[in-house]
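> Dropping the structure in here first, questions after.
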Amino acid sequence: MVGSGAGGPRSLPREEFPAFFEALRAEGYSIVGPTVRDGAIVYDRLEGVDDLPIGWTDRQEAGRYRLERRGDRALFGYSVGPFTWKKFLFPARERLFTISRDGPSFSVAPEPTDPTRFALLGMRACELAGLDVTDRVFQGGPVVDPGYSARRSRILRVAVQCGQAGGTCFCVSMGTGPGVRDGADLVLTEILEPGPHRFLFEARTGAGTSVLARLKTAVAPVADERTAGEIVARTASSMGRALETEGVRDLLRETLSHPRWDDVARRCLSCTNCTMVCPTCFCSTQEEVPDLTGATVERWRRWDSCFNLGFTELHGTAVRKSGLSRYRQWLTHKLGTWHDQFGTSGCIGCGRCITWCPVGIDLTAEIAALRVPPVSVTKEAPR
Amino acid sequence: MNAASPPSLVDEIANHPLFAGLDPKLVRAAASTAQEREFAAGDLLAREGTTADTLLLILRGKVALEVGAADRPTLTVQTVGPGEVVGWSWFVPPFRWRFDARAVKPTRAVVVNGPALRETLSRHPAWGFAFLVRFLPLIAERLENTRIQLLDIHAR
Amino acid sequence: MAERTIRVDYLARVEGEGALKVRIENGRVEDVELKIFEPPRFFEAFLRGRSYLEAPDITARICGICPVAYQMSSAHAMERALGMTVDGPLRELRRLLYCGEWIESHALHIYLLHAPDFLGYPDAIRLAKDHPEAVAHGLALKKAGNALMQVLGGREIHPINPRVGGFYRVPTRGELEALRPMLSNALGLAEETVRFVAGLDFPDIEEEYEFVALQHPREYPMNEGSVASSRGLHLPVTEFEDVFEEVQVPHSNALQSVRRGAGSYLVGPLARYALNHDRLSPRALSAAHAAGLPPVVRNPYRSIVVRAVEVVYAVEEALRILDAYTPPPAPYVEPPASFHATEGAAITEAPRGMLYHRYRLNADGLIDEAKIVAPTSQNQKRIEDDLRHLVERSLDLDEATLTDACERAIRNHDPCISCATHFLSLDVERR
Amino acid sequence: MLADPSPSGASGDPEPPPLAPIPYVVRSVTTETPDTVTLTIRPSATRRIATPRPGQFNMLYAFGVGESAISVSRASLEGELVHTVRRVGKVTNALSAVTPGDTVGVRGPYGRGWPIAEARGGDVVVIAGGLGLPPLRPAIYAILSQRESFGRVEVIYGARSPKDLVYYDEIQTWRRRTDVRFQTTVDAAGRDWYGDVGVVTTRLPDARFDPPKTTAFVCGPEIMMTLSAKALADRGVPRDRIWVSMERNMKCAVGLCGHCQFGPSFVCRDGPVLRFSALEPFLSVKEV
Amino acid sequence: MPAVRRPRLAVWKFASCDGCQLSVLDLEDELLALADRIEIANFREASSAVVDGPYDLSLVEGSVTTAEDAKRIREVRAQSRVLVTIGACATSGGIQALRNFADVEEYRRAVYARPEYIETLATSSGIAEHVPVDLELRGCPISKAQLLEAVSAFLGQRAPNLPNDSVCIECKRRGNVCVVVAHGTPCLGPVTQAGCGAICPAFHRGCYGCFGPQGSPNIPSFLAHARDLGLSAPEIRRVFRTFNANAPAFRVASESAAAEPEAR
């Protein structure tokens, strides 16, 4: 039976999954998704189903990530790895334009856009929320970032609902997962049992429907829909972390002088890892790169981080010199002032900043500690 | 107020922000040892290192507070105008001026006798306290301004 | 003329800092001193107490021109001490890395340091004005060597990837395959280089060298072999110190290595070629034939041709290794879990010749004693002999010409002073 | 939104990369102080930026060297722009070294400027410190051009020393006006200075305005703005009517690069002119 | 455009392995173009032609280890308009600064049978300890890209793009998987300055700190972290005592580790 794609969820057996890759290619997409490299599940170009992390999972805790074998052949049986989809939309290094001398003046040549259309296969619910955040950052302001928006217009979002929570996940707290609500073109749920290994497909957009129409799917039995719901519910109940979000924005505005910042500053290495692995951190810097003749100059943009000493440099001195002020800037921005700027939290609860911090600084624990009012040193002084 | 009846010394003192609202008896006591003086532009009102025995209430004009050393040009660190005061050295030992005070415009000031005022204030602690409540903030403000100058706020 | 003084305080186009002093009394060469004033850096001393695993990284810093040689000699010495065997693709990859260093180092010496001597230029930049194609070839060859070092070693200078037991990470087939176009092009450039340098003018001089190099039963030597000499010496690496010794002379911060009871000897391309030329690859061998090289070359000026032939060899060898490569199951051979006090020595063929390392380890795997004999310390005495002969032949030359001739004679041997300091200005005193 | 933050304004030509500089020709270079020059520039072709409003800034570009955020101190309808530049780094060194006929790059205008319309009907206090005067100059002219819309207008300008005062001739013209009170003070001076001496806040007690109906525009070094704003607030000026112009490291100038964040604000996009009431909690904490 | 004299470049060598000045010759693609923009006036390793100073740009390699060199660097400074040090030796004394932690007499005897022939100072020090330095290029060896950037910035009279960020930021931009978090491999990346391109983690080994300390390293936290990874005090000491042992932050690190009890 040829599936129409539209209308309710469809079912695809695991054996037919390679056809999904074919369908994506037939629709003109290059496929990027999870694959095992260097001891982690990373997002990279995929040639076929065999490139997926079949039978692998990850065990994560603060400052520690290890790959482990699963007892089964799940394709998406892991949580989130060190990489984010951000790099496909907002590359770590990007040439913005080239400026050439033109007599006494100069002229600017824009950077040609890469026409590749990427299918982002395996986006998690939290990562879709992250995409919404970066959309607001790069497309929601008065100036739309041309590179981001060009790449953004060419992606297909293939979400996979989480079948298990990672040790540092807290999407439930952030209201971003584990079930996929909005923002996907296609939503997949991997069902390992009971019954044969199969996938539940849901098209949410026209682009998703077009892909689905190329697949021989069956109408999904109601039981499968229920199973999918149970999978998501089970994942939700096994979150590795929780973050109390109630009033956190005000809390952070009121605790700028809390002694806990000194405590975390003693641990923080200012290494930038949390910002580099964060799906929503968007800070960048620009560099003027002239050629040796000095006749043409390239303008490059690359990822930067508020943890770098030079980040706030004004007239030769950093505004935020201390590690304390840099960590505080990051956390207060991510969970607090982000709301003022973009109408949402900057945190999607993926837990990457916890896992990939070499010294295991855990923002959920830091927020909890900031909620404890500091002991005032002046309280009992005057009688 | 008109040209025919200039304000009395007592009125001048009582209207000056430093004394305004204080006990009229204190104002009269201060006025009893005070005199009003005119200074031409360039006149010294106080000389650094000399005995400080006056409190100057500026009524009109402008006074520059100057510091200097032999090896560098004299520097004006503050100018003081109407409603402001020059001098607290009369109040604290060793009772010596810490700077030069020079009129940069024709200036009129009430010159209050420092030692006498000190004596009055010590005999009337309530007056003394009330006066200090006015006087200390002026000193604090001067210190604050000095601190801001030290910050060199225009420095890059 | 009873007394003359000629001074050159600072030798150019050699790696490191040195001077030369020649004392001539009444028309006789009394003394030739190759002075190495490159300050001492005490590597053997601070290797003490370091882990055996650190030796490749630390000893690489002895020389920025041939760091791979230090990494190879130290790694092999440690593996011998610990009874480790590294073979298969890992052995081949090490050879491939060494090919990179030979290509880079030889191309550097041929084009940027040595060729200007023959063509009358002070440097390659000015040479490039009249011979742009030659210099472009040289730079392209050098770049091919560096590309190998980058892919296998992580970077050209002080590669980070080699380790005791193999590598931290081995390349994928694809990563090596990406080098093929560059290497294929380099092969042609290398052959062109042999033709180019074979056409240079060489003084008609031959020296009676005792050539010393590694000899391997099947291969042109790089990482393995026994020590052989053109005077019939043949001994295992472990007996190197029984036959060769380092002596210290007051005029130099470098130790001079001599063959006990026999004096100076020569290591490097001339020695390797003389003792191993039948093991050259086919295209290298035919390039040597076409260049008119006899099986043994004793003219030090023609070392530039031998070096060029070795470049052909190294490129061909690199392509051979690339063809046969399949990634090994593990990037390195695991060292033993526990240690006992032990000792190991190894010699590998640095571009400039044999590089000897010996280490004594304690039961914690820490280095108790290190002994390093660099190629230039082995050649230093022999270069002095070359110079003595040159000056004796050229006493009638004026100072400037003699000075220039001496510098050229030294550059024939591509001395690496940085290496030897553990080297040059010319100062000729004539009385 | 107080000002149209749209940086586009290029007329006619195809849309260039939004962050690309547009070539402008240097018409004149005036030396203000030993380290400060004022550049007058004009579009070199048809493309030009939109007319900046008082308080907005541009990114000025020195070819091959880089960009620097510089406030606009005058903008004509013909597209002529005036910027005052202090040499503090390589870019400003290069910008200061130009001569008439040279080309510099411009993109902008960026940010929100002084809410002049909001100040109508009441008194206005303008406090400038050092190079805080250039961004305030267009505001002062805007107020003077519609003088009848405002109550009393007090301008206090402070600099480190008399030689650090910019726009000296213009200040003399302003001082002669009777419809605006212009006080100038310096932190310290020699005997050749007959004006006031003392940090800028020491002139405030002399200023005449009705605090509850006053709007204040403050620009200068951060510490000077904080002190001035606090002093104004102490006098009773509502904190939400005190406006300060912040300075932070800027790379993109359009809120995309994250560098200029200050508390909840992107200084480039939400500022540089911001309400003191919103900034005060952050100005009181170090290294925000 | 009027003919402008090309700026003059000099390359100087002090105690070093020559690797950093070799980096100049390793600019295979740019060397000749560079020589068009800048006159290579004094570069002994590359040319026997020497143009007398003063020089517009001096690149200084190596550390000061002899009294003669301490004098020579002052002469170099005096004839250099802009002085840029290249590499770990010139910045912090290099690997030969390990002598600063030991008895040089003992070192001299360990290497030379006739130590009295060798003249050396007790310490190896970076150039900035002797003369003012305009720019330091880190690394053992320096990065070719940073060298090109520094020279190009000098020619363009702009500020070079040489951030003092951590290696971690380059590592992530390169797309490496963190070797510490994913493999438990000790790595100096968090406390080391970027510039190399995060090569070591890309080759599955921990950073060994050859670019010296980053702009704001948190050494106490890093030491605790290293202990958590199972490194012993002597191991931590050795990790910091390599190519930048005498850089202040690394020196403090190795000395703190040395002060730790050996057993845990």
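> Which one of A:48, A:236, E:161 has its Cα pushed farthest toward the positive end of the charge dipole of the protein assembly as shown, where Lys and Arg give +1 and Asp and Glu give -1 at the Cβ?
A:236
> Can you give me the Cα centroid spacing of region D:169-189 and region C:51-82 in angstrom?
Centre-to-centre (Cα) distance: 74 Å.
> Please figure out what share of the DSSP beta bridges in chain D is antiparallel and state it in percent, rounded to the nearest 5.
Roughly 60 percent of the beta bridges in chain D run antiparallel, per DSSP.
> Using the Cα centre as the reference, give the magnitude of the dipole from point charges on the C-beta atoms of region C:14-154 (Lys, Arg: +1; Asp, Glu: -1; all else neutral), rounded to the nearest 20 debye.
Numbers: 16 positive and 19 negative charges, 51 e Å.
Here region C:14-154 has a charge dipole of around 240 debye.
> Further question on the same structure: Residues of A:104-116, mean number of Cβ from any other protein chain within 10 Å of their own Cβ, rounded to a whole number?
Counting other chains' Cβ atoms within 10 Å and averaging over A:104-116 gives 4.
> Roughly how many debye, to the nearest 20, is the charge dipole of region D:117-283 about its Cα centre, given +1 on each Lys and Arg Cβ, -1 on each Asp and Glu Cβ, and no other charges? All intermediate terms of the calculation are to be shown ahead of the outcome.
On the way: 22 positive and 19 negative charges, 27 e Å.
It works out to roughly 120 debye.
> Quick check: the angle from helix E:248-259's long axis to the longest principal axis of chain E, C-alpha only, nearest 10 degrees?
Roughly 20 degrees between the two axes.
> At most 16 other Cβ atoms within 10 Å and a DSSP loop assignment: could you name the chymotrypsin sites (Phe, Trp or Tyr not before Pro) in region D:193-288 that fit?
Numbers: sites: D:193, D:194, D:209, D:217, D:243, D:262, D:266, D:276, D:282; in loops: D:193, D:194, D:209.
Filter output for region D:193-288: D:194.
> Distance check, please: which entries in B:62/D:286; C:142/D:90; C:21/C:129; D:251/E:144; A:321/D:90 exceed 28 angstrom between their Cα atoms?
Details: B:62/D:286 37 Å; C:142/D:90 36 Å; C:21/C:129 34 Å; D:251/E:144 26 Å; A:321/D:90 22 Å.
Exceeds cut-off: B:62/D:286; C:142/D:90; C:21/C:129.
> In addition: Measure out, as a whole number of angstrom, how far apart the alpha-carbon centroids of region B:50-66 and region C:268-340 sit.
Each part reduced to its Cα centre gives a spacing of 94 Å.
> For residue A:249, what charge total do you get from the other residues with a beta carbon under 14 Å from its beta carbon, if Lys and Arg give +1 and Asp and Glu give -1? Display every interim value, and only then the final one.
Numbers: positive: A:253, A:334, A:371; negative: A:244, A:246, A:250, A:254, A:340.
So the environment of residue A:249 carries a net charge of -2.
> How would you classify region E:8-156 from its alpha-carbon gyration tensor, with a ≥ b ≥ c the square roots of the eigenvalues: rounded for a/c under 1.5, else prolate if a/b is greater than b/c, otherwise oblate?
Working: a/c = 2.04, a/b = 1.88, b/c = 1.09.
Since a/c reaches 1.5 and a/b is larger than b/c, the shape of region E:8-156 is classed as prolate.
> Relative contact order (percent) for region A:10-236, with alpha-carbon contacts under 8 angstrom and 6 or more residues of separation?
Once divided by the residue count of region A:10-236, the mean separation gives 23 percent.
> Could you state the number of Å between the C-alpha centres of region D:226-288 and region C:161-217?
Computed from Cα coordinates, the inter-centre distance equals 64 Å.
> While we're on this one: How would chain A be classified by its alpha-carbon gyration tensor: rounded, prolate or oblate, with rounded meaning a/c under 1.5 and the a/b versus b/c comparison settling the rest?
oblate
> First select every other residue whose beta carbon is under 12 angstrom from the beta carbon of residue A:337; then total the charges, Lys and Arg +1, Asp and Glu -1.
On the way: positive: A:249, A:253, A:328, A:334; negative: A:250, A:340, D:270.
Spelling it out: positives minus negatives among the neighbours equals +1.
> Relative to the longest principal axis of the C-alpha atoms of chain B, give the angle of the C-alpha long axis of helix B:114-123, reported between 0 and 90° and rounded to the nearest 10°.
Approximately 50 degrees, to the nearest 10.
> Moving on. With a 10 Å Cβ neighbour count serving as the proxy for reagent exposure, in which order, fewest first, do C:20, B:57 appear?
Exposure proxy ranking, most exposed first: B:57, C:20.
> Helix D:222-234: angle to the longest alpha-carbon principal axis of chain D, degrees 0 to 90, nearest 10?
40
> So, one more: In region A:248-370, with Lys and Arg counted as +1 and Asp and Glu as -1 at Cβ, which of these residues, A:255, A:271, A:318, has the Cα nearest the positive end of the dipole, that is, farthest along it?
A:255
> Output the antiparallel fraction of DSSP beta bridges having both residues in the protein assembly as shown, as a percent to the nearest 5.
In the protein assembly as shown, DSSP labels about 70 percent of beta bridges as antiparallel.
> Among D:260, D:268, D:252, whose mean-square fluctuation peaks in a Gaussian network model of chain D (Cα, cutoff 10 Å)?
Maximum among the listed residues: D:252.
> With n ≥ 4 as the cut-off for DSSP H runs, can you work out [θ] at 222 nm for chain E, using -39500 (n - 2.57) per run divided by the number of residues, rounded to the nearest 500? Mind dumping the intermediate values first?
Details: 12 runs with 99 residues, N = 264.
That calculation yields -10000 deg cm²/dmol at 222 nm.
> Give me the percent relative contact order of chain B, please, defined on Cα pairs under 8 angstrom at least 6 residues apart. Could the numbers behind the result be given before it?
Working: 273 pairs, mean separation 44.8, N = 156.
Relative contact order of chain B: 29 percent.
> Looking at chain A, do any whole DSSP H helices span at least 15 angstrom along their long axis by alpha carbon and average -1.0 or above on Kyte-Doolittle, and which?
A:125-139, A:222-236
> May I pose another question? Run the dipole for region B:9-151 about the Cα centre, Lys and Arg Cβ at +1, Asp and Glu Cβ at -1, nothing else charged, and hand back the magnitude in debye, nearest 20. Mind showing how you got there, number by number?
Working: 17 positive and 15 negative charges, 17 e Å.
Computed about the Cα centre, the dipole is about 80 debye.
> When a/c is below 1.5 the answer is rounded, else prolate if a/b is larger than b/c, else oblate, so apply that to chain E with a ≥ b ≥ c taken from the square roots of the Cα gyration tensor eigenvalues.
Working: a/c = 2.42, a/b = 1.35, b/c = 1.79.
The shape class here is oblate.
> For chain C, what does -39500 (n - 2.57) per DSSP helix run (n ≥ 4), summed and divided by total residues, give at 222 nm, in deg cm²/dmol to the nearest 500?
Values: 16 runs with 183 residues, N = 431.
When only DSSP H runs of four or more count, the value is -13000 deg cm²/dmol.
Values in this text are rule-based calculations from the coordinates and carry no lab data. Since this is a predicted model, take the numbers as computed values, not measurements. Please note: Cβ atoms are built from the backbone with ideal geometry, for glycine as well, and neighbour counts cover all protein chains shown.
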